[in-house]
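Notes follow once the structure below has been shown.
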Amino acid sequence: MTSNSPARIKGVGAAVPSLRVTGADIGAAWGRSGRDQVAVCAPDEDTLTLAWAASTAALAAAGIEGESVDAIFWGTSRPPFAEGPNLAFLAATLGLSSEVGGALLAGSAHSGMEALLAGSDAIAAGSARVALVVASDALRPGLGTGFEARCGAGAAAVVLAGAGVATIGTRVTNTRPLVDRYRGDGEIDNRDLYDARLFREEIFLPSVEAVTSALADETVRAWSLPDPDGRLGAVVAKKVGSAGAASAPVFKAIGDTGAASALLGAVGAMDTPGAVAIVGTGGGRTTGVIVNVEEPVPGAVVAQAVFDDGRPATYAAMLRSRGQLVPGGETIPMGVPPESALFARGADEMLGLLGGRCVDCGTISTPPSIHPTCINCGGPKLEPVALARGGTVHTYVINHTMPAPFVAPLPIAVLDMEDGARLMLQVIGDGTDVSIGANVKLVLRKYAHERGVPVYGFKAQPVRAGAR
Ligand SMILES: [Zn+2]
């Protein structure tokens, strides 16, 4: 396949959720041994917040503002709404234009590769000048399955344009109507591979080899290869003549991240010139893409560092976070229907974190839906502006008793933002690292999830001195 204007990469980003659970802990719950570890979402993280974090990092690395993105392509096996405004929510949180194009690709772990190809095609066809591609997943595996000890979470994002330091090159796809890990309609947890040997010999290896052999003409410097069970990745790496896949340490650090795994295993390798082969599989499809890196891709070095982050968590904490272990007793339901006027009118300012700037005196009032006039001069004309994402703690409180589904301790802070706006937001963590005057940055998190509706907004994250 040739193209007059192949898509080129301007920047990449990666994100991994907060918690790490060891394979040994997961195995011990079922009387088995285990190894390595998996990355798991805290209760306020999910596939969308991970997609936001990776996209934000990629846009910053590429030096691209959200308004300049013409199309967003999001690949995730399981978006937060089974049906609903998934892509619109992600676009709003990233500050993308209301005219942004693109597509949500979903339904299998192959969807990350589909997003990459769709974004590349949009650039090559000229329908988008700048395309944001993001692949993310945070699946919920069945209890006690082998997949439970492998199932990680994460996201990777790529900014594509007509100019950049790496080119999307050769691609090949193999399609066969075979079932691997899947989730039936109405089911909540992903099912594991049924027959490991049958999967290996008649599904996985033939499909992946059909793709890797078609890429054999290329001189590949680094491979990102699928590794569904912790062993097959090394088998494939040996077959392609590689001492070890670039993706191997990523799988070891965070597990199998589903739709995100192929891109996540590749972004760190884009820090060095040469061809990077990205191979992703799932849902009966396997795709390989060659990325020809000419110069180190902005963001690639930072993307490598995210795999080292995270804090240890127990098996029980993982189950609570995934909603597989739920306390008895009363919970406090959200008193407001998600389709109601409050959410309809507040969605843009909450997801996009907007304030109202007075055209007369420049003061920013927040939240704008509660302040129809300027809090400083009383002026009636306020224009929506995206608020600064950095600031300092003006004052704070730590709630030590919270009704379910909220979890104590819950710090809440009043913040003075860099643009002069004042905000009150929840703070990530237990509050021990919060102090008056401390620097914070704002990150997207999930506040609640009720009636099948995720409620997203920004939280303050204390910034350690010297942190990036
Ligand atoms: Zn004013």
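The values are calculated or read from the model by the stated rules, or taken from the named source; none is laboratory data. All values derive from a computational prediction rather than experimental measurement. Every residue, glycine as well, gets a Cβ built from its backbone with ideal geometry; the counts of neighbours run over all protein chains shown. When the accessible area is computed, the model is the full protein with side chains, heavy atoms only, and any ligands, DNA or RNA have been set aside. Shrake-Rupley method; radii C 1.70, N 1.55, O 1.52, S 1.80 Å.
Taking the Cβ-Cβ separation of residue 341 and residue 28 as r and a Förster radius of 45 Å, what is the calculated FRET efficiency to the nearest 0.05? Please report the intermediate quantities before stating the final value.
Details: r = 50 Å, r/R0 = 1.10.
The value I calculate is 0.35.
By how many nm would the segment from residue 371 to residue 97 lengthen if fully extended, with 0.36 nm per residue of separation less the alpha-carbon distance? Walk me through the numbers before you get to the answer.
On the way: separation 274, 0.36 × 274 = 98.64 nm, distance 2.43 nm.
Gain on stretching residue 371 to residue 97: 96.2 nm.
Roughly to the nearest percent, how much of the accessible area of the chain is carbon and sulfur, given a 1.4 Å probe? Can you show the working numbers first?
Details: 11120 of 20750 Å².
Within the chain, the accessible surface is 54 percent carbon and sulfur.
Suppose we look only past 24 Å in the calculated P(r) of the range 50-176. What percent of the Cα-Cα pairs does that tail hold? Walk me through the intermediate numbers first.
Details: 2222 of 8001 pairs.
Result for the distance tail: 28 percent.
Step through the residues of the range 129-137 one at a time and calculate ³J(HN,Hα) from phi using the Karplus curve (6.51 cos²θ - 1.76 cosθ + 1.60, θ = phi - 60°), rounding each to whole Hz and writing x for Gly and Pro.
7, 10, 10, 9, 10, 9, 10, 8, 7
Which lysines have a Cα lying under 27 Å from the Cα of residue 239, excluding residues fewer than 8 positions away in the same chain?
Leaving aside lysines fewer than 8 places away in the same chain, those within reach of residue 239 are 252.
Which whole number in µm²/s is D for the chain by Stokes-Einstein, with the Kirkwood Rh taken over Cα pairs at 20 °C and 1.002 mPa s?
Numbers: Rh = 22.9 Å.
Here the translational diffusion coefficient equals 93 µm²/s.
For the range 75-126 and the range 343-371, compute the distance between their C-alpha centroids and round to whole Å.
Answer, in whole Å: 27.
Can you list residues from other chains, or at least 5 along the same chain, whose modelled amide H is less than 5 Å from the amide H of residue 73?
It is 103, 132, 133, 134, by chain and number.
Could you pull out every one of the lysines with an alpha carbon less than 16 Å from that of residue 459, ignoring same-chain neighbours closer than 8 positions?
Counting by Cα, and skipping residues close in sequence, residue 459 has these lysines nearby: 441, 446.
So what is the calculated 222 nm ellipticity per residue for the chain, using -39500 (n - 2.57) for each DSSP H run with n of 4 or more, over all residues, to the nearest 500 deg cm²/dmol?
On the way: 11 runs with 101 residues, N = 468.
Taken over the chain, the calculation gives -6000 deg cm²/dmol.
Work out how much length residue 179 to residue 432 would gain on full extension: take 0.36 nm times their residue separation and subtract the Cα-Cα distance, in nm to one decimal.
Working: separation 253, 0.36 × 253 = 91.08 nm, distance 4.74 nm.
Contour length minus the Cα-Cα distance gives 86.3 nm.
Treat every Asp and Glu Cβ in the chain as -1 and every Lys and Arg Cβ as +1, leave all other atoms uncharged, and give the resulting dipole magnitude about the Cα centre to the nearest 20 debye.
On the way: 37 positive and 45 negative charges, 127 e Å.
For the chain, the charge dipole is close to 600 debye.
Roughly how many nanometres apart are two label points built 7 Å out from the Cα toward the Cβ at residue 348 and residue 385?
Distance between label points: 1.7 nm.
At R0 = 25 Å, how high is the FRET efficiency between residue 294 and residue 60 if r is their beta carbon distance? Nearest 0.05 is fine. Before the final figure, lay out each step's value.
Numbers: r = 21 Å, r/R0 = 0.84.
Efficiency for this residue pair is about 0.75.
For the range 13-21, in order, what is each residue's ³J(HN,Hα) by Karplus, 6.51 cos²θ - 1.76 cosθ + 1.60 with θ = phi - 60°, in whole Hz (x at glycine and Pro)?
Computed from phi, the couplings for the range 13-21 are x, 9, 8, 10, x, 6, 9, 10, 10 Hz.
How do the peptides 75-82, 251-258, 170-177 rank, highest first, by the average count of neighbouring beta carbon atoms within 10 Å per residue? Spell out each step's value before the answer.
Working: 75-82: 23.9, 251-258: 25.8, 170-177: 14.8.
Descending packing order for the listed peptides: 251-258, 75-82, 170-177.
How big is Rg to Rh over the range 158-301, alpha-carbon atoms, Rh as the Kirkwood inverse-mean-distance radius? Before the final figure, lay out the partial values.
Numbers: Rg = 15.3 Å, Rh = 15.7 Å.
Radius of gyration relative to Kirkwood radius: 0.98.
Taking Rh as the Kirkwood radius, which is the inverse of the mean 1/r over Cα pairs, what is the Rg/Rh value for the range 328-468?
Reported Rg/Rh (Cα atoms, Kirkwood Rh): 0.99.
Taking Cα centroids, how far is the range 29-61 from the range 214-278 in Å?
Each part's Cα centre sits 19 Å from the other's.
Could you pull out every one of the aspartates and glutamates with an alpha carbon less than 13 Å from that of residue 10, ignoring same-chain neighbours closer than 8 positions?
By straight Cα distance, residue 10 reaches 65, 271, 294, 295.
Within a Cβ distance under 11 Å of residue 132, other residues only, what is the Lys/Arg minus Asp/Glu net charge?
Working: positive: 10; negative: 70.
For residues surrounding residue 132, the net value is 0.
With N set to the residue count of the range 137-241, report its C-alpha Rg divided by 2.2 N^0.38 Å to two decimal places. Intermediate results must be reported in sequence, preceding the final value.
Values: Rg = 16.3 Å, N = 105, 2.2 N^0.38 = 12.9 Å.
So the Cα radius of gyration is 1.26 times the expected 2.2 N^0.38 Å.
Around residue 159, with a cut-off of 12 angstrom between Cβ atoms, what is the net charge of the other residues, counting Lys and Arg +1 and Asp and Glu -1? All intermediate terms of the calculation are to be shown ahead of the outcome.
On the way: positive: 8, 10, 129; negative: 65, 70.
In short, +1.
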